[in-house]
Amino acid sequence: MNVKQEYQVIIIGGGPSGIATSLTLTARGVSNCIVEAELEPTRKFGEAIPPNAKPLLKKLGIMYLIEHPKHAAYYGNKSCWGSDFLEQKEFIKDIYGHGYLLDRLYFEKQLRQHIKYNTSVFLEGYKLKKLVRYTTGIEVKIENNKETSTLGAKYIVDATGRKASVCHQLGKTKKNLDTQFAISFKAKLLKPIEHQINVEATENGWWYVAPQHNNELTIMFFTLKELLPEKKLLASFIRKELEKCLHISKLTKVANLYFDALKVIPSGTSRLDIPYGDDWIAVGDAAFSYDPISSYGITSAFASGFYAGHALASKLSEEDDAMLTYRYILENAFQAYMEKLSNHYALENRWKDSTYWKNRFQIVDVQ
Ligand SMILES: Cc1cc2nc3c(=O)[nH]c(=O)nc-3n(C[C@H](O)[C@H](O)[C@H](O)COP(=O)(O)OP(=O)(O)OC[C@H]3O[C@@H](n4cnc5c(N)ncnc54)[C@H](O)[C@@H]3O)c2cc1C
């Protein structure tokens, strides 16, 4: 692929946001290409899809993917938050019905397959190396372990996730509103449990436990960067924190816990000031990253890809307000999220003086 390939839009990143952008652009007749760094899909964090994501997934034509038996329906959450009691929230009252617990690796594989059938050019195993802007458009150098190739386009989409690599090259920095990190590990249950998400607040953060297929559990503890111990002490830190749980420790007592592959991942709220420029637009986590307590990341990635695709297609048809409308939609969603987030954290008053909870009351978005 040594001849320069030209498209109307180049999308860097082939996760949910990049794929939703591409599907929308293709449906609007805009030529586009996705550049994805990983040769094969990798397992990402995040598996809960709330019931209200369904209309969007239908609009994108990918609802059938999550109806695959590899993904499990889930009917509610159990949450110990704000008091010592375990509360049950059932989706039975939700007009959209149940949510889904994804097998995330399988889902990423399905998304790739789906996009390939939908005629998009999907360059896998290629990383963005260099970006040059001209008055006439963008030139992008991408490379894999064999070659460097050049692509040209009128617009570039940053769909690279939290690290927002395209924005970084453009000198646009995301603002971090807090320093939350997740410590994640796997466990295998010795007996099956209900398909529900379990959440529990403790003094130094909160726990998230999601059952997967084959009696596996995804377990995460969310805390602040400043409370994280050094790497060699992580396992004992997690054990101690687990002992503080009133309810989740009952689940983990009937499971084998695998502390050998503990992962520490950024998981706070962050945002770009403005999610677009003259020749670029950011989608998904690259534009706005959400606290996983909201279970909004994947839905937001699809939604922003959908709206960005429409904005770009309209802009290419000389509709000048298209990008402004995109910004308006994303900012409104983000402001609604911020309000819900602060209300939700404010429900927890048992450890008002702990570093973690003090910090949670201070997450504000100052423009
Ligand atoms: C701990 C944790 C728990 C979470 N739990 C949930 C949850 O329960 N529910 C939920 O909805 N969301 C959850 N999320 C968030 C959710 O996973 C993300 O919001 C979602 O994956 C964002 O999609 P995206 O397409 O924007 O980015 P990503 O899925 O990160 O995709 C970005 C893609 O870009 C590629 N890429 C990166 N750099 C380059 C480059 N330079 N060149 C080419 N390609 C590149 C990457 O390989 C990747 O495939 C969670 C997140 C975390 C951290």
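The values are calculated or read from the model by the stated rules, or taken from the named source; none is laboratory data. All of these numbers come straight from a predicted model, not from anything done at the bench. Note: ideal-geometry Cβ built from the backbone for every residue, glycine included; neighbour counts use all protein chains shown.
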Val166 fails exactly one of (1) of a type in the set (Val, Ile, Thr); (2) assigned to a strand (DSSP E or B); (3) farther than 25 Å from Ile293 by Cβ, namely (2)
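When the residues of region 328-359 are filtered to those that are within 23 Å of the chain's Cα centre (by Cα) and of a type in the set (S, T, N, Q), which remaining residue is farthest from Leu224 (Cα to Cα)? Break it down into steps so the answer makes sense when it comes.
Taking region 328-359 first, the residues within 23 Å of the chain's Cα centre (by Cα) are 328-345, 356, 359.
Then keep just the ones that are of a type in the set (S, T, N, Q); that gives 332, 335, 342-343, 359.
On the way: Asn332: 27, Gln335: 23, Ser342: 16, Asn343: 19, Asn359: 9 Å.
Out of the qualifying residues, it is Asn332.
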Selection status of Leu251, more than 16 Å from the ligand (Cβ to nearest atom) and crowded, with 20+ Cβ neighbours inside 10 Å
yes
Does region 87-101 contain any residue that is at pLDDT 95 or above and out of contact with any helix residue (DSSP H, G or I) (no Cβ under 7 Å at 6 or more places or on another chain)?
no
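Condition check: in a loop (DSSP other than H, G, I, E, B), out of contact with any Phe, Trp or Tyr (no Cβ under 7 Å at 6 or more places or on another chain) and either among the hydroxyl-bearing types (Ser, Thr, Tyr) or at positive phi (or both). Does Gly171 satisfy that?
Working: in a loop (DSSP other than H, G, I, E, B): yes; out of contact with any Phe, Trp or Tyr (no Cβ under 7 Å at 6 or more places or on another chain): yes; either among the hydroxyl-bearing types (Ser, Thr, Tyr) or at positive phi (or both): yes.
Criteria met by Gly171.
From the list Lys358, Lys340, Lys352, Lys315, pick out the single residue that is more than 16 Å from the ligand (Cβ to nearest atom), touching a residue at least 12 places away in the same chain (Cβ under 8 Å) and either surrounded by 13 or more Cβ atoms within 10 Å (Cβ to Cβ) or not in a strand (DSSP E or B) (or both).
Working: Lys358 fails: touching a residue at least 12 places away in the same chain (Cβ under 8 Å); Lys340 fails: more than 16 Å from the ligand (Cβ to nearest atom); Lys352 fails: touching a residue at least 12 places away in the same chain (Cβ under 8 Å).
Just a single option satisfies the conditions, and that option is Lys315.
Just name the residue that is surrounded by the fewest Cβ atoms within 10 Å (Cβ to Cβ) out of those in region 55-85 that are of a type in the set (Phe, Trp, Tyr) and within 23 Å of Phe302 (Cβ to Cβ).
Start the filter on region 55-85 by keeping residues that are of a type in the set (Phe, Trp, Tyr), which leaves 64, 74-75, 81, 85.
Filter once more, keeping what is within 23 Å of Phe302 (Cβ to Cβ): 64, 74-75.
On the way: Tyr64: 11, Tyr74: 22, Tyr75: 17.
That would be Tyr64.
With Ala286, Ala303 as the choices, which residue is aliphatic (A, V, I, L, M) and near the ligand (Cβ under 9 Å from one of its atoms)? Lay out the reasoning, then the answer.
Values: Ala303 fails: near the ligand (Cβ under 9 Å from one of its atoms).
Every option except Ala286 fails the conditions.
Out of Gly97, Gly15, I need the residue that is touching a strand residue (DSSP E or B) at 6+ places or on another chain (Cβ under 9 Å) and surrounded by fewer than 14 Cβ atoms within 10 Å (Cβ to Cβ). Which one? Let's see the steps before the verdict.
Details: Gly15 fails: surrounded by fewer than 14 Cβ atoms within 10 Å (Cβ to Cβ).
None of the others qualify; the one that does is Gly97.
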From the list Lys70, Lys78, Lys44, which residue is over 26 Å from Lys250 (Cβ atoms), in contact (Cβ under 8 Å) with a residue 60 or more places away in the chain and more than 10 Å from the ligand (Cβ to nearest atom)?
Lys70
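Does Lys186 fit the bill of being of a type outside the set (A, V, I, L, M), surrounded by fewer than 20 Cβ atoms within 10 Å (Cβ to Cβ) and in a strand (DSSP E or B)? Please lay out each step first, then the result.
Values: of a type outside the set (A, V, I, L, M): yes; surrounded by fewer than 20 Cβ atoms within 10 Å (Cβ to Cβ): yes; in a strand (DSSP E or B): yes.
Judged against the criteria, Lys186 is a match.
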Does region 152-159 include one or more residues that are over 16 Å from Glu6 (Cα atoms), modelled with pLDDT under 95 and not small (Gly, Ala, Ser)?
no
Scan region 31-41 for residues that are more than 14 Å from the ligand (Cβ to nearest atom) and crowded, with 20+ Cβ neighbours inside 10 Å and report the count.
1
From Ser236, Ser267, grab the single residue that is touching a Pro at 6+ places or on another chain (Cβ under 9 Å), within 16 Å of the ligand (Cβ to nearest atom) and of a type in the set (Ser, Thr, Tyr).
Ser267
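Quick grid of which residues meet (1) in the same structural domain as Gly61 (by TED's automatic domain parsing); (2) within 12 Å of the ligand (Cβ to nearest atom); (3) more than 25 Å from Met63 (Cα to Cα):
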| residue | (1), (2), (3) |
| --- | --- |
| Gln110 | yes, no, no |
| Gly125 | yes, yes, yes |
| Leu131 | yes, yes, yes |
| Asn144 | yes, yes, yes |
| Thr148 | yes, no, yes |
| Gly161 | yes, yes, no |
Positions within region 74-104 being more than 30 Å from Asn204 (Cα to Cα) and either of a type outside the set (Gly, Ala, Ser) or touching a Phe, Trp or Tyr at 6+ places or on another chain (Cβ under 6 Å) (or both), in sequence order:
Ile92, Lys93, Asp94, Ile95, Tyr96, His98
